Amino acid sequence: MSGGLHKGEWWIAVAKFDDLLCAGNRWLLVVMLAIMSVLVSANVISRYMFSFSFTWVEEVTRYMMIWTTFLGCGMALRVGGHIAIDALAESVPASFARCIRALIALILAVTIVFMTVLGAQYAEFAWEQETPVLGWSYGVIYLSIPIGGVLMLLHLFMYAMRWIATGQWDRVEGFDPQALS
């Protein structure tokens, strides 16, 4: 192959992109959750110690929570953190289980694309409407749906082949979503 990436280089580039995607997504979520924690804590302290409440904190943190939910969906998908029923795939031969997982990945991709398109339409529809306290565009808040959908598709595409082949989720040290059930 001349003028482009060789097969091995292409896989290395994809792996680097995947690492950057996960690290960037993770840090964005950490920063957003930290900001929400600081804002809510400061507002509680202010309310009870000084009898003064910042009226905008509740609205800002509510919308940040919506954004963190949609931005975190892809990360949850990678580790198997979404609700799943895998009894059928575990009770059939490995080759049939891979076919079931491939079908599930396809259904997930179609559903996410559908959600992303509808989310973009909804954001466009709500663009002129404003939030009550800050006067922000609801469209900006609803952009979390298509942006989160695109991120979830990226995470799905980065991890689907491995999951289809092995049935194993991505592992994050110190976190086991299966233990939560």
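With loosely packed, with under 15 Cβ neighbours inside 10 Å and either among the basic types (Lys, Arg) or closer than 23 Å to Leu20 by Cα (or both) as the only criterion, which of Phe157, Phe114, Phe125, Phe96 stands out?
On the way: Phe114 fails: either among the basic types (Lys, Arg) or closer than 23 Å to Leu20 by Cα (or both); Phe125 fails: either among the basic types (Lys, Arg) or closer than 23 Å to Leu20 by Cα (or both); Phe96 fails: either among the basic types (Lys, Arg) or closer than 23 Å to Leu20 by Cα (or both).
Being loosely packed, with under 15 Cβ neighbours inside 10 Å and either among the basic types (Lys, Arg) or closer than 23 Å to Leu20 by Cα (or both) holds for just one of Phe157, Phe114, Phe125, Phe96, which is Phe157.
Does region 70-79 contain at least one residue that is basic (Lys, Arg), touching a residue at least 24 places away in the same chain (Cβ under 8 Å) and either part of a helix (DSSP H, G or I) or in contact with an Asp or Glu (Cβ under 7 Å, 6 or more places away or on another chain) (or both)? Yes, the conditions are met somewhere in region 70-79.
Would you check which residues across region 6-31 are surrounded by 11 or more Cβ atoms within 10 Å (Cβ to Cβ) and of a type in the set (Phe, Trp, Tyr) and list them? Selection gives Trp10, Trp11, Phe17. Annotation note: of Glu128, Glu124, the sole residue that is charged (D, E, K, R), modelled with pLDDT of 95 or more and either in a loop (DSSP other than H, G, I, E, B) or in contact with a Leu (Cβ under 8 Å, 6 or more places away or on another chain) (or both) is Glu128.
Checking the structure you have, find out if any residue of region 81-99 is modelled with pLDDT of 95 or more and more than 20 Å from the chain's Cα centre (by Cα). Let's see the steps before the verdict.
From region 81-99, those modelled with pLDDT of 95 or more are none; that's our starting set.
Checked region 81-99: no residue is modelled with pLDDT of 95 or more and more than 20 Å from the chain's Cα centre (by Cα).
Checked against (1) touching a residue at least 12 places away in the same chain (Cβ under 8 Å); (2) in a helix (DSSP H, G or I); (3) over 15 Å from the mean Cα position of the chain (by Cα), Leu156 passes all but a single condition, namely (3).
The values are calculated or read from the model by the stated rules, or taken from the named source; none is laboratory data. Bear in mind that the values here come from a model prediction, so they are computed numbers and not experimental data. Cβ sites come from the backbone with ideal geometry, for glycine too, and all protein chains shown count toward neighbours.
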